[in-house]
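Everything on this sheet refers to the single structure shown next.
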Amino acid sequence: MTLVYHYTLAAVIGLLAVAIFFGLVRTIRGPRRPDRIMGINMIGSFTTALLAALSLFLSESWLLDVCLVYCLISFLAVVILSKIHISESGDEKGAEEENSLYE
């Protein structure tokens, strides 16, 4: 591994760590539930990229398997959170909007 390649991967890992931090800030600050769900999705995506970059940096192929499993779990978490959000708030608003369309 060349020195430039090593430093480039280290910089990418650092930038992804900063992006994860900003995703965490977005998740905590909100202000609405969809913003928080988007922040969780962003954290999951950046963590997947971080694991892939770390796999290249350490030359460990098993980290790619961990990366894929984490990506699937993150996707399922966002789908479940979105479904919960829609079932809690979408039914009432959706019914009112649907009735106003037909009047």
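The values are calculated or read from the model by the stated rules, or taken from the named source; none is laboratory data. From a predicted model like this one, the values you see are computed outputs, not experimental measurements. For neighbour counting, all protein chains shown are included, and Cβ atoms are generated from backbone atoms with ideal geometry for every residue, glycine included.
A few notes on this one:
- Pairs, first surrounded by 11 or more Cβ atoms within 10 Å (Cβ to Cβ) in segment 78-92, second modelled with pLDDT under 90, C-beta under 8 Å, six or more apart: H85/R33; H85/P34; S89/R33
- For segment 46-69, the tally of residues that are under 17 Å from the mean Cα position of the chain (by Cα) and crowded, with 17+ Cβ neighbours inside 10 Å stands at 9.
- Scope segment 12-45; condition closer than 20 Å to S82 by Cα, of a type in the set (V, I, T) and under 12 Å from the mean Cα position of the chain (by Cα); matching residues: T27, I37, I40, I43
- Residue in segment 19-41 that is polar (S, T, N, Q) and crowded, with 18+ Cβ neighbours inside 10 Å present: yes
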